[in-house]
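The values are calculated or read from the model by the stated rules, or taken from the named source; none is laboratory data. These numbers come from a predicted model, not from an experiment. In this analysis, Cβ positions are derived from the backbone assuming ideal geometry, glycine residues included, and neighbour counts consider all displayed protein chains. The accessibility values were calculated without ligands, DNA or RNA, using every heavy atom of the protein model including side chains. Shrake-Rupley method; radii C 1.70, N 1.55, O 1.52, S 1.80 Å.
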Amino acid sequence: MKLLRPTENTPFHIDYSWFEKNGQDVNVLIYKCLTPEQQERLAGLPTDEALDFVDEATGEVRRVTRAMQMIRAERANDATFISPRLPLAESVFRVFLLNDNQPLTPVELAARIGRKPSEILAQLGGRTVYNGVRPIMN
């Protein structure tokens, strides 16, 4: 059987089912993306409660957690949310949080995080899964 390998044009996304299969909670990673002030504001509130979030570009209403709503509303235009100082896998995860997990190729991700597509592919295209980010292989 031939193993298919992702390329720089293979789309990736956060595979939320990966967290469940591996006994992990994606909300822990999402919570870590918040500033200490935002974490303090969420203290004591249900973390998995779904709220309505209106996509300003499309007008579509989606159900998201409080933490996700906070990230999209307050961190989307924050230059420190995705920065060269972050590890590559963390930057990619944050891009997918902001873009509603729409699939992106390493080439597209590179334009958003300022890294080389080959560097992104080298980390995300291997056997190890980082932050649930996996290729979409058809």
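Remarks
- With respect to being without any contact (Cβ under 8 Å) to a residue 40 or more places away in the chain and buried (at least 17 other Cβ atoms within 10 Å of the Cβ), V133 falls outside the description.
- Residues in the stretch 106-132 that are in a loop (DSSP other than H, G, I, E, B) and among the basic types (K, R): R115, K116, R127.
- Among the residues making up the stretch 102-121, those that are loosely packed, with under 15 Cβ neighbours inside 10 Å and of a type outside the set (G, A, S) are Q102, P103, K116, E119.
- Close pairs (9 angstrom Cβ cut-off, 6 or more residues apart or separate chains): among the basic types (K, R) in the stretch 58-80, in a helix (DSSP H, G or I) anywhere: R66/L42; R72/L97; R72/L98; R75/Q38; R75/R94; R75/L97; R75/L98
- Scanning the stretch 42-51 for residues that are open to solvent by 50 Å² or more (accessible area, probe 1.4 Å) and in contact (Cβ under 8 Å) with a residue 12 or more places away in the chain yields L45, P46, T47, D48, E49.
- Some residue of the stretch 2-16 being more than 22 Å from T105 (Cα to Cα) and aliphatic (A, V, I, L, M): no
- Residue in the stretch 87-95 that is more than 11 Å from the chain's Cα centre (by Cα) and in contact (Cβ under 8 Å) with a residue 12 or more places away in the chain present: yes
- Applying the criterion of being touching a Lys or Arg at 6+ places or on another chain (Cβ under 9 Å), assigned to a loop (DSSP other than H, G, I, E, B) and closer than 24 Å to D55 by Cβ to the residues of the stretch 85-101, the residue that is most open to solvent (accessible area, probe 1.4 Å) is D100.
- Checking the stated criteria, L124 turns out to be touching a residue at least 40 places away in the same chain (Cβ under 8 Å) and either among the charged types (D, E, K, R) or buried (at least 17 other Cβ atoms within 10 Å of the Cβ) (or both).
- When residues of the stretch 2-26 are limited to those that are within 23 Å of R115 (Cβ to Cβ) and of a type in the set (D, E, K, R), the one surrounded by the most Cβ atoms within 10 Å (Cβ to Cβ): D15
- First in the stretch 27-39 and in contact (Cβ under 8 Å) with a residue 12 or more places away in the chain and under 12 Å from T65 (Cβ atoms), second anywhere and in a helix (DSSP H, G or I) and among the polar types (S, T, N, Q), Cβ under 7 Å, 6 or more apart: Y31/Q39
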